[in-house]
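Single-structure report; data block below.
Taken together, the values in this text are just the output of simple stated rules run on the coordinates, not laboratory data. For clarity, every value in this text was computed on a predicted model and none was experimentally measured. So basically every Cβ, Gly included, is an ideal-geometry build from the backbone, and we count neighbours across all protein chains shown.
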Amino acid sequence: MHNECPVCKASFNPEPGFYFGALFVSYAFTVAIMVAVWLALYVLANPPDWVYATALVLGAVLFSPISFRLSRVLWLYWFGGHRSNS
Ligand SMILES: [Zn+2]
């Protein structure tokens, strides 16, 4: 990750612990993924419980790298004072 935006030089680390709040965004993403996986399984197959549990954990783990980055980006855009238009 860059220390500052290559375009507008805005800091990507405005203060220590800035990204702590991004965990709440990440949590929301994880809940959304789990609900989506559960709903898809329920509608399409309605498998035994262990399949639900395995698929939910697998979905959350596989999605975690995307969730981690996306939640930080959103947090930075919401609270980091960075604007996409120059
Ligand atoms: Zn920028």
Hey, among ALA40, ALA32, ALA28, ALA36, which residue is over 18 Å from the mean Cα position of the chain (by Cα) and hydrophobic (A, V, I, L, M, F, W, C)?
ALA40
Restricting the stretch 1-14 to residues that are farther than 15 Å from ARG72 by Cα and free of Cβ contacts under 8 Å to residues at least 40 places away in the same chain, which is surrounded by the most Cβ atoms within 10 Å (Cβ to Cβ)?
LYS9
Being over 20 Å from the mean Cα position of the chain (by Cα) and more than 25 Å from GLY21 (Cβ to Cβ) is the filter here, so list the residues in the stretch 55-86 that pass it.
SER86
What residue, among those in the stretch 33-86 that are of a type in the set (A, V, I, L, M), touching a helix residue (DSSP H, G or I) at 6+ places or on another chain (Cβ under 7 Å) and in contact (Cβ under 8 Å) with a residue 24 or more places away in the chain, is nearest to VAL7 (Cα to Cα)?
LEU74
Meets criteria (surrounded by fewer than 12 Cβ atoms within 10 Å (Cβ to Cβ) and in contact with a Pro (Cβ under 8 Å, 6 or more places away or on another chain)) for GLY17:
no
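Listed here are the residues, each with its yes/no results for (1) among the charged types (D, E, K, R); (2) assigned to a helix (DSSP H, G or I).
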residue	(1), (2)
VAL51	no, yes
VAL57	no, yes
ARG69	yes, yes
GLY81	no, no
